[in-house]
């Protein structure tokens with residue numbers, strides 16, 4: 001009996017040591033786990049290098065094409081894993097890392113126009129004539145820009161927590177002040193890992209206190225690179241959205257999905273946008289700006305119900 005307890009004690013000690021040592025790699029391990037799970041279900045990772053664009057994307061499934069555009073932070077896999085798994089059962093799913101996020105980049109100007117051009121190249125690569133677009137937050141601005149430029153290529157569009165052409169930069173200035181920064185780009189582009197906690201506080205309705213080790217790892221993997229380009233994307237957005245006009249996509253079937261406790265863009269701004277494009281309005285209860293953080297199951301279910 002003594003030998004058994006001694007063995008168990010040593011085993012538990014070794015296990016705890018391994019866990020402690022591996023803690024610094026947990027986010028990267030999660031990345032690899034996501035990749036393996038997607039791959040097992042036929043969603044594969046690809047790279048498109050063309051005209052100075054280096055576009056990393058995920059693709060899988062069969063049927064009509066659904067394009068998923070993530071928001072300002074993270075990458076396609078962390079944002080859309082569950083949606084890719086669910087939608088790929090009936091559709092061809094394509095989910096790119098936006099330029100200067102994840103593994104995507106571009107040698108040219110950091111602008112909304114460059115993001116849209118990257119999506120055009122990607123869809124042309126697969127000779128996609130019609131596509132359903134789902135854009136979350138900043139990804140919604142890209143979806144809207146694409147709809148304005150290529151309305152004939154859009155089957156339908158779903159915006160999640162994106163106010164589109166009704167976006168008011170002064171509202172973001174108020175949010176910046178509430179979170180202790182001077183401008184909105186300071187909130188999204190930063191040089192210290194602990195500042196990432198502010199972003200979680202902004203995005204999620206439910207309080208998420210992230211251990212410092214995980215903040216460090218997430219910062220290194222998702223937020224450290226291309227700070228100048230990311231700032232440019234934010235500081236030029238107000239001017240770029242003026243190109244959209246007052247009623248840019250009324251002829252395109254549209255849905256607008258909103259977390260009822262969004263602190264970045266208010267429910268009022270979301271409803272205003274939905275009304276302006278005659279889009280169908282959907283509220284997600286007990287969710288903030290990033291519903292995946294608060295109730296991923298409900299968000300995924302709604303997106304899958306809306307896509308046809």
Modelling each spin label as a point 7 Å along the Cα-to-Cβ direction, I'd like the residue 235/residue 194 distance in nm, to one decimal.
2.7 nm
Please compute the length gained on full extension between residue 250 and residue 207, using 0.36 nm multiplied by the number of residues separating them and subtracting their Cα-Cα distance.
11.7 nm
Of all DSSP beta bridges located in the chain, what percent are antiparallel, nearest 5?
35 percent
Report the relative contact order of the chain, percent, no decimals, based on alpha-carbon pairs under 8 angstrom and at least 6 residues apart.
17 percent
Compute the FRET efficiency between residue 90 and residue 178 as 1/(1 + (r/R0)^6), taking r as their Cβ-Cβ distance and R0 = 30 Å, and round to the nearest 0.05.
0.15
Approximate spin-label separation residue 40-residue 26, in nm, with each point projected 7 Å along Cα-to-Cβ:
2.1 nm
From DSSP H assignment alone, runs of 4+ in the chain each adding -39500 (n - 2.57), the sum over residues rounded to the nearest 500 puts [θ] at 222 nm at -14000 deg cm²/dmol
Sorted by mean Cβ packing within 10 Å, highest first, what order do the peptides 157-164, 174-181, 36-43 take?
157-164, 36-43, 174-181
If one compares the long axis through the Cα atoms of helix 291-306 with the longest principal axis of the Cα atoms of the chain, the angle in degrees, nearest 10, works out at 50 degrees
If you take the square roots of the eigenvalues of the alpha-carbon gyration tensor of segment 161-308 and sort them as a ≥ b ≥ c, do you get rounded (a/c under 1.5), prolate (a/b over b/c) or oblate?
oblate
On C-alpha positions alone, give me the angle between the axis of helix 26-40 and the longest principal axis of the chain, in degrees, nearest 10.
70 degrees
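Quick check: from the Cα gyration tensor, does segment 110-185 come out rounded (a/c under 1.5), prolate or oblate?
Numbers: a/c = 3.16, a/b = 2.29, b/c = 1.38.
Cα axes put segment 110-185 in the prolate bin.
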Between rounded, prolate and oblate, where does segment 44-306 land on the alpha carbon gyration tensor, with a ≥ b ≥ c its root eigenvalues, rounded for a/c under 1.5, else prolate if a/b exceeds b/c?
rounded
Using alpha-carbon coordinates, inclination of helix 76-87 to the longest axis of the chain, degrees:
80 degrees
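Here, each number is a calculation from the coordinates, and none is a lab measurement. Note that the coordinates shown come from a computational prediction; the quantities given were computed from them, not determined experimentally. Positions of Cβ are backbone-derived with ideal geometry, glycine not excepted, and every protein chain shown enters the neighbour counts.
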